[in-house]
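Quick notes on the structure that follows.
Read-outs throughout are calculated quantities, based only on the coordinates presented, and are distinct from any laboratory measurement. Since we're looking at a predicted model, the values are computed, not measured. No Cβ is skipped: glycine too gets one built from the backbone with ideal geometry, and neighbour counts run over all protein chains shown.
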Amino acid sequence: MASILNVFVSRTIMLVTACFIMITAFFMKKTIEAVRALAHSSFSDAKYSHDWEHTQRVHKLCMHIGTIEGADLEVLEIASYLHDIGRSYQDRSKGAVCHAAKGAEIAGEILKDYPIEQDKRDNIIHCILSHRFRNTHHPETLEAKVLFDSDKLDAIGAVGIARAYLFAGELGARLHNPDVDPYKVKSYSKNDTGYREYRVKLSKVKDSMLTDEGRRMAIRRHAFMESFFERFIKEHEGLI
Ligand SMILES: [Fe+2]
Ligand SMILES: [Fe+2]
């Protein structure tokens, strides 16, 4: 009789646990969908270099790297959708406001409305706060490292080159100016060109990767970018 009771109790516990996991997964799926829709709506007047398509590419990279690295994909889904939600504040202030800090603040308010465990919520906010290249907050968790690498990967390689020139065009910058030192050019000026972005920032990105898969992908993207700009300079000089 006791053994029948033990089997019944253990099976009931298993059933309740399974139901709890399924319900939790259902609510998390709904939360991710709602956060995605909310994040998407906040990009309606975004500049093309940092638009919703960038966020979607970062999301795909997060899922790829996060799966290989064994990260929490639920945290990464939400963090990637919200990571640039503060971008318009930085653009409007011409760089005075840090979009990572502003985004973490906005995300903290948004996430209060959703049933997310406190440790996941804290991790999401940390991911957003620490995703920026020029930042004093360093990614501490695996998920923050995956988001950091994914965001940086979208700035290099073929997509990175295209985005650099898109951004320069948005600023009204010229195509190229061989007569200025890229390191002495002011950000957001007419000499803030795609080449200047490459020399000052993008050429260093591969050395800042924090995960093995991110590093592997960055090396390949960097090699393409390096050969592109070598050729660009030669063509600009009329040599080839
Ligand atoms: Fe960002
Ligand atoms: Fe981003």
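Things worth noting here:
- Only Lys, Arg (+1) and Asp, Glu (-1) charged, at Cβ; region 155-240 dipole about Cα centre in debye: 140 debye
- Cβ-derived FRET efficiency at R0 35 Å, Y114 paired with V159, nearest 0.05: 0.70
- Expected 222 nm ellipticity per residue - DSSP helices of 4 or more, -39500 (n - 2.57), all of the chain, to 500: -22000 deg cm²/dmol
- Lysine pair count for region 1-141 with Cα-Cα distance under 18 Å and sequence separation of 8 or more or different chains is 10.
- Among S227, S88, S130, the largest mean-square fluctuation in a Gaussian network model of the chain, built with springs joining Cα atoms closer than 10 Å, belongs to S227.
- Additional length obtainable on full extension of the chain from S93 to V200, 0.36 nm per residue less Cα span: 36.3 nm
- Relative to the current alpha-carbon distance between H64 and F26, full extension at 0.36 nm per residue lengthens the span by 11.5 nm.
- Within straight-line cross-link reach of K234, aspartates and glutamates at Cα separation under 14 Å, skipping those fewer than 8 residues along the same chain: E226
- Of the peptides 4-16, 173-185, 207-219, 68-80, the order by per-residue mean of other Cβ atoms within 10 Å, starting with the highest, comes out as 68-80, 207-219, 173-185, 4-16.
- Sparse-neighbour loop sites [chymotrypsin sites (Phe, Trp or Tyr not before Pro); region 104-175; at most 16 other C-beta within 10 Å; DSSP]: F133
- In nm, spacing of pseudo-spin labels at K184 and E53 (7 Å Cα→C-beta vector): 3.7 nm
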